[in-house]
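Working notes, beginning with the structure itself.
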Amino acid sequence: IIGGPGPTKYDFEKGDHLNYMLKNKIIDTIDTAYVEEQGVKEIVEKAPEIMRKVRYVEEKQIMQKFLYEVGHDTGLITYGEAEVRRLLEMGAVRLLLLSEGLDISRVAIKCSACGYSEQKTIKNPDMQVFDQSLTGKPCLQCQAPSLTVAEKVDIVDDLALIAEASSADVEVISTETEEGQMLKNAFGGIAAMLRFKSQG
């Protein structure tokens, strides 16, 4: 980010004063009321908003690539938790897309009598009701009423961990853009771009 009170900043930006690699990294040129240390403080205060705009542009580009694949039916995308999880575990996912608006967790349920365990995905607002529903419920394996929630992990963290293990990239997409809203509402907030077409 280049900043300053007068037109000099524009001359500096257009001139041959920066290495070309640095020139490619200029994301904005802004007016400041001050120079020297106070001017730098002013730029630092404005930087988060500028960076947020840059991030929104990046997110829009990622989602547009995803929507292009959807529209052209290339077979190189998938969505929905179960299918994305399956393809992540197969190592087929190149890029995992997760909405920051997801409000669900992956829960490990365990029987304290026989050690039986299973995993379920639960919406966070329903967690208390789900926890209460386990009270007195018989275990599928030994029929003892000993089921409890052994572990609860946010779905974003859970899927990101699997992605990391299979060298897939992860993008958490905000709901601040139209494309981000579409990921959350039309695709359930969980989608992926694949390395190769999945076989069923």
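Scanning the chain for trypsin sites (Lys or Arg not before Pro) that sit in a DSSP loop and have at most 13 other Cβ atoms within 10 Å, the longest stretch containing none of them is 26-196.
Against the main long axis of the alpha-carbon atoms of the chain, helix 81-90 sits at an angle near 80°.
The residue list 72, 44, 34 was ranked by how far each Cα lies along the charge dipole of region 1-90 toward its positive end, using unit charges on Cβ atoms, and 72 comes out on top.
Toward the positive end of the charge dipole of region 143-188, with +1 on the Cβ of Lys and Arg and -1 on the Cβ of Asp and Glu, the farthest Cα among 172, 148, 185 is that of 148. Remark: the chain carries a charge dipole of roughly 660 debye about the Cα centre, counting +1 on each Lys and Arg Cβ and -1 on each Asp and Glu Cβ. Considered as an equivalent ellipsoid built on the Cα gyration tensor, region 10-117 has semi-axes of 45, 22, 12 Å, the largest given first. Separation of the alpha carbons by more than 32 angstrom is noted, of 41/123; 14/41; 41/184; 46/123; 53/123; 46/197, for 41/123; 41/184; 46/123; 46/197.
Test of the criteria: in region 113-200, which chymotrypsin sites (Phe, Trp or Tyr not before Pro) are in a DSSP loop and have at most 16 other Cβ atoms within 10 angstrom of their Cβ?
Filter output for region 113-200: 116, 196.
Against the chain, whose longest principal axis is taken from its Cα atoms, helix 36-71 shows a tilt of about 50°. Shape descriptor for region 102-166: Rg over Rh equals 1.04 (Cα atoms; Rh from the Kirkwood inverse mean 1/r).
Nearest 5 percent is fine: what portion of the DSSP beta bridges confined to the chain is antiparallel? Taking every DSSP beta bridge with both residues in the chain, the antiparallel ones total about 75 percent.
Just so you know, all these numbers are worked out from the coordinates, no wet-lab data involved. Worth saying up front: this structure is predicted, and the values here are computed from it rather than measured. Cβ coordinates were reconstructed from backbone atoms using ideal geometry, including for glycine residues, and neighbour counts include every protein chain displayed.
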